[in-house]
Each structure stands twice: as structure tokens, then as C-alpha cells.
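**Q** If you scroll down you'll find the structure; I have some questions about it.
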Amino acid sequence: MIKKRKVVAAALAATFLATTAASAAVQLRFECAQDGNECDTMMAIFKKFEATHPDIQVKMDLVPYKAILENLPVDLAAGTGPDMAKITDLGGLHKYYLDLAPYVDKAALEKDFGKTLDWYRAGPNDKGIYGIQTQLTITGAFINKTLFDQAKVAVPGKDATWDDWAKAARAVAKATGTKYPMAMDRTGHRFAGMAMPYGAKYFDAKGNPEMNDPGFAAAAKQFVAWNNDGTMDRNVWAGQGGASYADATKEFINGELVFYYSGSWQIQKFAKQIGDAFDWEVMPAPCGPAGPGHCSGMPGGSGVVGFKSTKHPKEVAELLAFLAQPANYSELEAKSLNIPANATVATAGVKYEGVTPAASKALNAFSAQVPTISPVGYAFQGYKNNRAMFNITVKRLTQAIVGEMSVDEALKRMDADLKEAVAASK
């Protein structure tokens with residue numbers, strides 16, 4: 001009996017020690033939203049990290065993208081945010097970021113991630129390392145090629161303007177009885193992909209933000225007109241209030257849309273959900289009224305950042321540095337079908353896994369557009385108040401679309417809204 005008691009006591013002690021060790025492990029909370037499988041892929045990579053760091057555990061909160069846009073900033077302001085998150089408002093959330101520089105090989109990250117590091121910084125004098133760009137994205141046009149073939153309408157060429165695409169999409173929709181000729185995601189980021197080819201500068205000669213230059217105004221007037229004459233799927237923008245995000249992925253996947261202006265992050269979803277229902281392709285960036293040379297999508301993407309409110313800054317930094325290692329980063333891009341922002345990985349090339357011919361062609365089409373991105377796009381993406389500008393664009397253009405005000409009135413309101421936003425940010 002005494003021996004049995006000793007054995008039981010030893011077993012209980014071992015169990016207690018194991019439980020204590022588990023509870024003592026550092027747990028990092030990771031908030032993530034995914035278009036395809038990028039969050040799941042990151043977690044698989046993080047499991048490898050856990051295997052060599054048994055004292056660190058990563059717990060993922062998988063949330064809708066809308067929660068990242070609207071709820072995460074509120075949680076961070078209240079001090080209840082996660083340790084790290086996958087985010088798209090790169091400059092706007094800067095004040096909450098953890099500077100990874102004291103804990104990582106700064107020179108290696110600067111070499112590999114180049115310009116995208118600036119998107120997370122406060123300004124040109126900020127040399128901190130705040131995030132790992134996991135997705136380099138470009139806004140762009142998807143078409144339902146099968147509908148073009150059925151309509152016997154020629155697909156516009158690489159120098160085609162937005163107006164050329166509108167005419168072609170209307171012709172295809174009419175010939176095939178398709179519900180919507182065109183659609184654009186409800187966000188100022190996507191609208192910028194149309195506004196820049198029209199000549200929008202977003203910044204004046206002194207570098208101050210603006211939303212009332214002739215190019216922006218021309219794009220706004222055309223966009224509102226297309227929403228009201230049936231060219232654009234009006235429900236995407238007019239069916240929402242405030243600055244809420246909306247897209248037309250379902251309409252495109254269901255074959256109800258000829259031309260969809262969204263971005264490279266949709267590739268995996270389309271490859272999986274469209275299958276062989278119809279042929280779809282990515283087109284070169286539509287040009288502006290001036291034609292060739294005024295063709296650019298809007299750069300962007302998402303990255304993983306740590307937050308200064310974390311109680312485990314060193315562990316967060318070590319985890320993100322692990323994700324940034326070329327072998328791990330290449331695995332992330334290969335499995336999630338994304339364009340790499342890591343220069344070492346991009347130079348070596350990514351061997352995409354399980355990719356369909358359509359997805360492979362689409363990835364190459366977007367990669368080919370990277371050199372054509374306007375410097376305005378890079379500057380705008382890195383501007384700390386760009387989220388405010390995106391939201392102002394959506395709110396006021398929608399009011400013009402539904403007839404609450406004229407386009408000229410909307411532009412004046414945008415200018416006033418922007419001045420208030422900039423003042424508030426200071």
C-alpha cells in the first residue's frame with residue numbers, strides 16, 4: 001500500500017508539474033482574416049516555431065475581414081487587442097505597433113522587405129521595423145472570358161482605357177443577357193486604382209494630401225455616372241451605408257458579372273470556387289484617358305505586426321522573424337498563392353503548390369504589373385491617414401451615387417472631411 005501511494009503521489013506530482021509548465025508557457029494571441037488559406041498556412045509555419053520553442057504557444061482568432069477593419073482598432077484603443085494580427089491598414093495603426101528592431105536582424109529584414117517597411121513607419125525619419133509584409137497585392141481587373149467568347153466581343157488590349165473596358169463590358173452583357181457589365185469593390189483603395197490613371201495625385205506639390213485635383217474629380221464623375229447608367233453594379237456601393245466594405249465576389253463567381261475590379265488576393269478563391277464553370281482571366285491595368293503610360297493599379301496587401309501592448313515583445317519578434325525567413329516565407333506564398341514581398345524569395349521564384357492553369361496565369365499577370373505601379377500609389381499606400389481618405393471617398397461618392405448630393409458637392413465635402421481628419425490625427 002505504501003508503494004502504491006508513492007507511485008500515485010509521483011504520478012500526481014508529474015501531472016502537476018506538466019500542467020504548471022503548460023500554464024507557464026507564453027501564449028501569443030494572433031488575430032487573422034483570410035481570403036483563402038493564408039492564416040491557416042501561417043499557423044502551420046508557427047507550429048514549426050512552437051516545435052523548437054516549447055515555451056511559446058500561438059493561438060489564432062480567425063475573424064471576418066470586417067472585424068480587422070472595424071473592431072481591431074477599437075480593441076487596440078481600449079488596450080484589449082491581441083499580441084499580433086494580420087492587418088491591411090498599414091500606416092493607420094502605426095501608433096499601436098511594436099518595434100521589432102531591438103530583437104531581430106534589422107539589416108536582413110531591410111534587405112528582404114525594402115520599400116514595404118516604410119508602409120508601417122510614421123515617416124521618413126522613422127527607422128523602426130514594425131511588420132512583415134505577407135501579401136504584396138495589386139488592384140486589377142478580372143474578366144469572365146467565356147462571356148466574351150459567347151458574345152463574340154474582342155477582349156480589349158493591354159493599352160485599353162477604362163472607357164474601352166466599359167464599352168466592351170456593356171456589349172458583352174447585352175449580347176449574353178448578363179446582369180452586370182462591371183463592378184468595383186466598395187473601398188477607396190480600389191477606387192484609387194481607377195483614379196490614378198485619370199490623373200489623381202492624392203498629394204499636392206508640397207506633399208500635403210488632397211482629394212480635389214482634376215484627375216480625381218474626373219474619375220469620380222465617371223464612376224458615379226457608370227453607377228447610375230447601369231454600367232456598374234450599383235448595389236455594391238449604393239447598397240451600403242457609411243464607409244462599410246462590400247465586394248462583388250459572389251456575382252463574379254456566379255457568372256453574373258463581366259468585368260470585376262478587385263485585386264490579386266482573389267486568385268485563390270476564384271480558382272477554388274469557379275473551377276471549370278467558366279474561363280476567367282486577369283487583364284493588364286486599365287489606362288486613363290491619356291492612354292498608354294497612364295496605366296497603374298494600386299499596391300497594397302497585408303502584413304503581420306506585433307502590438308506594443310503585448311506582454312511578450314521578444315517572443316512576438318522572434319516569431320515574426322521566423323516567418324520572414326526565406327524558406328518559411330516561400331512556403332507561405334507557395335501555398336497561399338500570393339505575390340512575394342520578400343526580395344530574396346521573389347528573386348528565387350515561387351513554386352506555387354496545387355495551382356490551376358487559370359490561377360498560374362493570373363499570378364503571372366499580376367506580377368507583370370508590379371513595374372507599372374505609379375509612385376503615387378506607393379506614396380498613398382504608405383500615408384498614415386490613407387484609411388481616412390479611403391473612407392471619405394466611399395462615404396461621399398456613395399452619397400453622390402444615391403443622389404443625396406451632386407458630384408461637385410461631394411468633392412467639396414471630401415476636401416473638408418480630409419482637412420478635419422488630418423487635423424484630428426495631429
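The values are calculated or read from the model by the stated rules, or taken from the named source; none is laboratory data. None of these values were measured; they are calculated from a predicted model. Heads up, the Cβs are rebuilt from the backbone with ideal geometry, glycines too, and the neighbour counts pull from every protein chain shown.
**Q** For the range 3-24, does any single residue satisfy the condition of being modelled with pLDDT of 90 or more and under 19 Å from Leu319 (Cβ atoms)?
**A** Checked against the condition, which is being modelled with pLDDT of 90 or more and under 19 Å from Leu319 (Cβ atoms), the range 3-24 yields no hits at all.
**Q** Only residues that are among the polar types (S, T, N, Q), surrounded by 21 or more Cβ atoms within 10 Å (Cβ to Cβ), touching a helix residue (DSSP H, G or I) at 6+ places or on another chain (Cβ under 7 Å) and more than 22 Å from Lys95 (Cα to Cα): list them for the range 369-426, please.
**A** First, pick out the residues of the range 369-426 that are among the polar types (S, T, N, Q): 369, 372, 374, 381, 385-386, 391, 393, 398-399, 406, 425.
Right, trim to surrounded by 21 or more Cβ atoms within 10 Å (Cβ to Cβ) and you get 369, 374, 381, 386, 393, 398.
Pick out the ones that are also touching a helix residue (DSSP H, G or I) at 6+ places or on another chain (Cβ under 7 Å) and you get 374, 381, 386, 393, 398.
Ser374, Thr393, Thr398, listed by residue number.
**Q** Related question: Specify which of the listed residues (Thr146, Thr134) is touching a residue at least 12 places away in the same chain (Cβ under 8 Å), within 30 Å of Val258 (Cβ to Cβ) and not basic (Lys, Arg).
**A** None of the other options fit; the residue is Thr146.
**Q** Please identify the pairs in which a residue from the range 381-399 that is free of Cβ contacts under 8 Å to residues at least 24 places away in the same chain has its Cβ atom under 8 Å from the Cβ atom of a residue that is of a type outside the set (Gly, Ala, Ser) and assigned to a helix (DSSP H, G or I), counting only partners at least 6 apart or on another chain.
**A** Arg396/Leu411; Arg396/Arg413; Arg396/Met414; Arg396/Asp417; Gln399/Arg413
**Q** Right, something else. Looking at the structure I just gave you, is Ala175 small (Gly, Ala, Ser) and surrounded by fewer than 16 Cβ atoms within 10 Å (Cβ to Cβ)?
**A** Numbers: small (Gly, Ala, Ser): yes; surrounded by fewer than 16 Cβ atoms within 10 Å (Cβ to Cβ): yes.
When the stated conditions are applied, Ala175 passes them.
**Q** Tell me, which residue of the range 79-128 that is small (Gly, Ala, Ser), over 17 Å from the mean Cα position of the chain (by Cα) and under 18 Å from Ala321 (Cα atoms) is surrounded by the fewest Cβ atoms within 10 Å (Cβ to Cβ)? Steps first, answer last, please.
**A** Applying the first criterion (small (Gly, Ala, Ser)) to the range 79-128 yields 79, 81, 85, 91-92, 101, 107-108, 114, 122-123, 128.
From what is left, the residues that are over 17 Å from the mean Cα position of the chain (by Cα) are 79, 81, 101, 107-108, 114, 122-123, 128.
Remaining after also requiring under 18 Å from Ala321 (Cα atoms): 101, 107-108, 114, 128.
On the way: Ala101: 15, Ala107: 8, Ala108: 14, Gly114: 13, Gly128: 17.
Filtering first and then ranking leaves Ala107.
**Q** Regarding the range 156-170, can at least one residue be identified that is within 22 Å of Phe390 (Cα to Cα) and under 24 Å from the mean Cα position of the chain (by Cα)? First the steps, then the outcome.
**A** Applying the first criterion (within 22 Å of Phe390 (Cα to Cα)) to the range 156-170 yields 162.
If we keep only those that are under 24 Å from the mean Cα position of the chain (by Cα) too, we end up with 162.
Yes, the range 156-170 contains at least one residue that is within 22 Å of Phe390 (Cα to Cα) and under 24 Å from the mean Cα position of the chain (by Cα).
**Q** Give the residues of the range 257-294 that are crowded, with 17+ Cβ neighbours inside 10 Å, more than 20 Å from the chain's Cα centre (by Cα) and not aromatic (Phe, Trp, Tyr), sorted by residue number.
**A** Leu257, Val258, Ile274, Cys287, Gly288, His294, listed by residue number.
**Q** A further question on this structure: Of the numbered conditions (1) touching a helix residue (DSSP H, G or I) at 6+ places or on another chain (Cβ under 8 Å); (2) closer than 27 Å to Asp149 by Cβ, Asp276 fails exactly one; give the number of that condition.
**A** (1)
**Q** What's the number of the condition Ser309 fails, among (1) within 23 Å of Pro375 (Cβ to Cβ); (2) part of a loop (DSSP other than H, G, I, E, B); (3) polar (S, T, N, Q)?
**A** With respect to (1) within 23 Å of Pro375 (Cβ to Cβ); (2) part of a loop (DSSP other than H, G, I, E, B); (3) polar (S, T, N, Q), Ser309 is out only on (1).
**Q** What residue, of Gly207, Gly255, Gly188, is modelled with pLDDT of 95 or more and more than 22 Å from Pro64 (Cα to Cα)? It would help to see each step written out before you state the result.
**A** Details: Gly207 fails: modelled with pLDDT of 95 or more; Gly188 fails: more than 22 Å from Pro64 (Cα to Cα).
Result of the check over Gly207, Gly255, Gly188: Gly255.
**Q** Quick one: in the range 32-67, of everything that is β-branched (Val, Ile, Thr) and touching a strand residue (DSSP E or B) at 6+ places or on another chain (Cβ under 7 Å), which residue is farthest from Asp185 (Cα to Cα)? Walk me through how you get there before you give the answer.
**A** Let us first name the residues in the range 32-67 that are β-branched (Val, Ile, Thr), namely 41, 45, 52, 56, 58, 63.
Keeping just the survivors that are touching a strand residue (DSSP E or B) at 6+ places or on another chain (Cβ under 7 Å) gives 56, 58, 63.
Working: Ile56: 39, Val58: 33, Val63: 20 Å.
The residue in question is Ile56.
Residues are listed down the side, and each one gets a yes or a no for (1) among the acidic types (Asp, Glu); (2) at pLDDT below 90; (3) part of a helix (DSSP H, G or I):
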site: Lys335; (1), (2), (3): no, no, yes
site: Ala346; (1), (2), (3): no, yes, yes
site: Lys351; (1), (2), (3): no, yes, no
site: Val370; (1), (2), (3): no, yes, yes
site: Gly377; (1), (2), (3): no, no, yes
site: Gln381; (1), (2), (3): no, no, yes
site: Arg387; (1), (2), (3): no, no, yes
site: Ile392; (1), (2), (3): no, no, yes
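**Q** Can you tell me how many residues within the range 226-235 are surrounded by fewer than 19 Cβ atoms within 10 Å (Cβ to Cβ) and either charged (D, E, K, R) or in contact (Cβ under 8 Å) with a residue 40 or more places away in the chain (or both)? Steps first, please.
**A** As a first pass, look at the range 226-235 and keep what is surrounded by fewer than 19 Cβ atoms within 10 Å (Cβ to Cβ): 228-230, 234-235.
Among the residues that remain, those that are also either charged (D, E, K, R) or in contact (Cβ under 8 Å) with a residue 40 or more places away in the chain (or both) are: 228-230, 234.
Qualifying residue count for the region: 4.
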